[in-house]
Amino acid sequence: MLQIYNFMPNLNTDIKFLTGVGEKRADLLNAELDIYTIEDLLYYFPFKYIDKTKFYKIDELTAELPYVQVIGKLVGMKTEGAKYKQRLTATFADETGYIELLWFKGVKWIKSSLKADTEYVLYGKPSIYSNKINIVHPDLEKLDDYKSKINSSLEPAYNTSEKLKTSFLNTNVLRKLLQTALKQTYNDIAEPLPFEIIKKYNLISLKDALVNIHFPKNNTILSKAEYRLKFEELFFIQLNIIQKKLYRNNKQNGYVFSKVGDYFNGFYKNNLPFELTGAQKKVLKEIRKDLGSKTQMNRLLQGDVGSGKTLVALMSVLIALDNGFQACLMAPTEILANQHLETVQDFLKGLDINIALLTGSTKKKDRIKLHNELESGDIHLLIGTHALIEDVVKFKNLGLVIIDEQHRFGVAQRAKLWNKNINPPHVLVMTATPIPRTLAMTLYGDLEVSVIDELPPGRKPIKTLHFFDNKRHKLIEFIRKQIVEGRQIYIVYPLIKESEKLDYKDLEDGYDTITREFPLPKYKVSIVHGKMKAANKEIEMQNFAKGRTNIMVATTVIEVGVNVPNASVMIIESSERFGLSQLHQLRGRVGRGAEQSYCVLMSGYKLSQEAKKRLGTMVKTNDGFEISEVDLKLRGPGDIDGTQQSGIPINLKIANLAKDNQIVLLAREAAQSVLDHDIKLEKPENRPMVNKLKSIFDLKKKWSKIS
Ligand code: ADP
Ligand code: MG
């Protein structure tokens with residue numbers, strides 16, 4: 001039998017070889033916590049620290065307390081229930097009272113390991129059950145053992161899963177494994193960050209950071225460890241993104257649109273119905289510069305709803321056509337694609353430009369014809385939905401891709417459009433969901449960013465009101481008055497997947513009420529929702545858009561992009577159920593004409609703190625960027641639209657994109673400065689950094705888990 005003597009693990013050692021792990025536990029650590037190597041374990045950070053100087057008395061316990069420590073004795077134990085569903089209850093007492101402890105798993109083992117009349121330190125989360133405080137699955141440690149071991153007043157606590165706990169991989173065991181791992185590999189922990197960066201940003205070494213993030217001596221050193229590890233995490237993300245961008249910019253692979261020709265000039269002279277805003281001009285300039293350079297454009301155009309992005313996109317398309325290229329415009333929904341088609345046809349009247357529409361509802365026969373005309377170059381501009389991405393859709397010479405409401409699409413979809421010509425076409429992605437700057441840097445750090453920060457002139461800021469449901473009669477009055485003045489009104493109902501059935505019922509009830517209050521023939525009410533056939537939706541939308549109906553009752557299908565300037569009132573039912581960015585998007589449907597517009601948020605009386613904050617923010621401001629900052633703080637970056645699809649590891653281990661803005665900026669600056677001096681990252685002194693970069697973004701080991 002093979003014997004290994006003096007085996008010293010290093011950071012890359014498979015976790016199964018760490019003392020105390022072995023095959024079985026390793027499998028669990030792989031599957032449950034994504035821990036494959038000792039390094040992975042060291043980067044599995046505590047989710048909090050328990051103040052070991054604080055002990056509670058039993059009569060102080062409430063269900064609101066987090067994890068607590070209590071000293072006491074077991075004064076009774078019994079097992080109950082059928083053989084395979086046994087549970088263990090114990091009574092734990094100190095001089096102030098009793099509580100009940102409960103175990104549902106590992107009953108036999110736990111029972112045999114616990115002793116009566118011995119003093120224990122209990123660690124657990126108090127909860128309440130039939131009016132009594134109890135603690136489920138507490139950890140108990142003999143007071144003597146506890147005293148002999150304590151070395152830090154802050155003890156790390158680790159998240160574990162049910163599965164891990166039943167296999168006794170609880171927070172105590174993880175703590176022990178980490179102690180072993182740190183002891184055995186301490187000397188092996190190399191410093192990945194360049195010395196200048198460490199110095200300039202006043203960072204502690206990785207070694208010290210890892211030791212102190214797990215076993216901090218005090219709060220000061222803990223903060224330093226956290227700072228260092230956050231910085232490192234964000235630094236490598238930025239390094240990766242900026243490097244990609246530099247690489248792309250260095251490759252001379254872009255089609256050069258050198259001239260501005262008849263299409264653009266003709267449009268500008270004869271068709272443009274209004275003066276461009278300063279912001280539109282500025283952005284067009286930025287885009288023209290990209291298109292004329294030899295590198296492929298990858299630009300994100302951010303602009304609040306109604307800021308006039310479509311026009312900027314359209315004028316970019318004209319430049320592509322002037323240079324003999326085709327263009328396409330992709331939107332997330334059929335309604336929006338249809339609307340774009342109409343807008344564009346309207347704008348381009350009299351110009352000799354062939355525009356086609358391709359969506360999921362395009363008939364097969366039309367499709368075949370369309371495919372041919374795209375390949376022959378007869379179609380200049382293709383507008384559509386996801387259907388554009390499909391491999392069968394081929395162009396003669398695609399030069400520009402525009403993606404509207406970018407946050408609805410993923411990177412993979414963007415990438416597919418890249419392959420529709422020999423060199424990748426220029427790409428302009430547009431979004432009306434402003435995202436905070438530091439988040440944009442992380443998610444779209446490889447894109448250039450343009451911002452339209454000015455609305456077309458003459459727009460009156462939308463007035464936003466919040467009504468509780470008991471003011472409904474006032475609402476009806478308000479609607480009536482608006483209709484008399486010739487305005488049109490949206491009433492939007494939430495549609496949440498989990499409660500779809502009830503939501504549809506609310507929508508239908510709402511529609512009934514509205515048609516009763518506003519009966520034919522004097523009033524006309526449209527309805528649009530996701531269950532309708534596309535053709536019917538289209539008819540209803542058109543009726544409303546053309547002013548043939550007064551009220552549009554709808555679910556959020558109308559959220560994106562719809563443009564009906566005469567609609568000046570947006571009523572959002574159960575508004576407390578919507579997220580901030582969605583509310584803002586919905587509100588953006590009004591305020592598009594010259595009239596004063598209103599947004600009315602209806603809600604029930606009982607509102608959570610968060611809902612109050614959301615509605616309050618809506619009432620207070622129209623500024624999309626301000627709203628996105630609040631949104632980010634409320635929800636955290638993982639839930640912000642678009643982050644899921646971005647392909648960036650958004651579930652950061654320690655940094656928080658909502659809170660660590662400042663560190664994002666510094667980390668980006670640091671990454672930029674490293675690349676300024678070593679653009680290809682090939683200097684020997686940067687080798688440890690490159691190795692770390694590779695190991696972070698080498699997803700192979702993660703994929704092996706999935707496949
Ligand atoms: P969004 O940025 O939300 O996509 P749109 O492109 O739909 O905004 O523009 C909103 C409305 O403003 C449209 O009716 C558009 O024709 C109009 N618009 C765009 N630019 C200007 C401008 N410079 N002056 C006046 N109206 C404009
Ligand atoms: Mg738009």
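Please work out the FRET efficiency for the pair GLN672 and GLU477, using the Cβ-Cβ distance as r and a Förster radius of 56 Å; give the result to the nearest 0.05.
On the way: r = 58 Å, r/R0 = 1.03.
Efficiency computed from Cβ-Cβ geometry: 0.45.
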- Item | Gap separating the Cα centres of the stretch 4-58 and the stretch 180-232, nearest whole Å | 18 Å
- Query: Label-point separation (nm) for GLN542 and LEU665, each offset 7 Å from Cα along Cα-to-Cβ?
  - Reply: 5.2 nm
- Putting +1 on Lys and Arg Cβ atoms and -1 on Asp and Glu Cβ atoms, find which of VAL427, ASN661, PHE274 reaches farthest to the positive end of the dipole of the chain. VAL427
- Query: With Cβ to Cβ distances under 9 Å as the rule, what net charge do the other residues near PHE395 carry (K, R +1; D, E -1)?
  - Reply: +2
- Query: Given labels modelled 7 Å from the Cα in the Cβ direction, how far is it in nm from ASP378 to VAL75?
  - Reply: 9.2 nm
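Can you work out the accessible area per residue across the stretch 64-130, with the rest of the protein chains kept in place, probe 1.4 Å, in square angstrom? Let's see the in-between values first.
On the way: 4040 Å² over 67 residues.
Using a 1.4 Å probe on heavy atoms only, each residue of the stretch 64-130 averages 60 Å².
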- Message: With a 1.4 Å probe and all protein chains left in place, how much of the accessible area of the chain comes from carbon and sulfur atoms, in whole percent?
- Response: 52 percent
- Query: Given charges of +1 on the Cβ of Lys and Arg and -1 on the Cβ of Asp and Glu, with all other atoms neutral, how large is the dipole of the stretch 71-125 about its Cα centre, in debye to the nearest 20?
  - Reply: 520 debye
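Give the percent of DSSP beta bridges with both residues in the chain that are antiparallel, rounded to the nearest 5. Before the final figure, lay out the partial values.
Numbers: 33 of 87 bridges.
Antiparallel bridges make up about 40 percent of those DSSP assigns within the chain.
Could you report the stretch 463-621's accessible area per residue, 1.4 Å probe, as an integer in Å²? Intermediate values should be presented prior to the final figure.
Working: 7470 Å² over 159 residues.
Using a 1.4 Å probe on heavy atoms only, each residue of the stretch 463-621 averages 47 Å².
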- Say the dipole of the chain comes from +1 at the beta carbon of Lys and Arg and -1 at that of Asp and Glu; which of TYR201, THR160, VAL260 then lies farthest toward its positive end? THR160
- Note on the structure: Residues other than ILE189 with Cβ under 14 Å of its Cβ, Lys/Arg counted +1 and Asp/Glu -1, net out at -2
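Starting from 0.36 nm per residue, how many nanometres of slack lie between LYS524 and ASN159 once their C-alpha separation is accounted for?
Using 0.36 nm per residue and subtracting the Cα-Cα distance, I get 125.7 nm.
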- Task: Could I have the simple spin-label model distance between GLU95 and LYS125, label points 7 Å from Cα toward Cβ, reported in nm to one decimal?
- Result: 3.2 nm
- Note on the structure: A student applying the Cα gyration tensor rule (rounded when a/c is under 1.5; otherwise prolate if a/b is larger than b/c, oblate if not) would label the chain oblate
- Message: Let me spell out the model: positive unit charges on the Cβ of Lys and Arg, negative unit charges on the Cβ of Asp and Glu, origin at the Cα centre of the chain. What dipole size does that give, in debye rounded to 20?
- Response: 500 debye
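Quick check on the chain: helices-only [θ] at 222 nm, where DSSP H runs of length 4 and up contribute -39,500 (n - 2.57) each and the sum goes over total residues. Nearest 500, please. Walk me through the numbers before you get to the answer.
Values: 25 runs with 284 residues, N = 707.
Dividing the helical sum by the residues of the chain leaves -12500 deg cm²/dmol.
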- Item | 3J(HN,Hα) from dihedral phi, the stretch 511-525, Karplus parametrisation 6.51/-1.76/1.60, rounded to Hz, x for glycine, proline | 4, 4, 4, 5, 5, 6, 5, 10, x, 5, x, 5, 10, 10, 10
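Pull out the extension gain between ILE204 and ALA63, defined as 0.36 nm times the separation in residues minus the alpha carbon to alpha carbon distance; nm, one decimal. Numbers along the way, then the final one.
Working: separation 141, 0.36 × 141 = 50.76 nm, distance 3.87 nm.
So the extension gain works out to 46.9 nm.
Provide the per residue accessible area, probe 1.4 Å, for the stretch 252-314, rounded to a whole number of square angstrom.
Numbers: 2850 Å² over 63 residues.
That works out to 45 Å² for each residue.
Can you tell me the order of 351-363, 295-307, 102-114 when each peptide is scored by its average per-residue count of other Cβ atoms within 10 angstrom, highest first? Provide the component values of the computation, followed by the final result.
Details: 351-363: 16.2, 295-307: 22.3, 102-114: 14.2.
Result, highest mean Cβ count within 10 Å first: 295-307, 351-363, 102-114.
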- Task: Could you point to the residue in LEU143, MET77, TYR67 farthest towards the positive end of the stretch 53-151's charge dipole, with +1 and -1 charges on the Cβ of Lys/Arg and Asp/Glu respectively?
- Result: MET77
- To the nearest 10 degrees, how steep is helix 609-620 against the longest Cα principal axis of the chain, on a 0 to 90 scale? 30 degrees
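What's the ranking of 382-390, 211-219 by average number of surrounding C-beta atoms within 10 Å, highest first?
On the way: 382-390: 21.1, 211-219: 19.0.
The densest-packed peptide leads the list: 382-390, 211-219.
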- Magnitude of the Cβ-charge dipole of the stretch 187-332, K/R +1 and D/E -1, about the Cα centre, nearest 20 debye? 340 debye
- Query: Nearest 10 degrees, 0 to 90: what angle lies between the long axis of helix 22-33 and the longest principal axis of the chain (Cα atoms)?
  - Reply: 40 degrees
- Query: Counting only the backbone N, which residues of the stretch 652-693 are under 17 Å from the spot 7 Å out from the Cα of ASP34 toward its beta-carbon?
  - Reply: 652-658, 693
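Would you mind calculating the gained length between LYS365 and MET532 on full extension (0.36 nm times residue separation, minus the Cα-Cα distance), in nm to one decimal?
Values: separation 167, 0.36 × 167 = 60.12 nm, distance 2.37 nm.
Length gained, LYS365 through MET532: 57.7 nm.
The values are calculated or read from the model by the stated rules, or taken from the named source; none is laboratory data. Because the structure is a prediction, the values reported are computed rather than measured. Here the Cβ is made from the backbone with ideal geometry for all residues, glycine too, and neighbour counts use every protein chain on show. The area values use the complete protein model at the heavy-atom level, side chains included, leaving out ligands, DNA and RNA. Shrake-Rupley method; radii C 1.70, N 1.55, O 1.52, S 1.80 Å.
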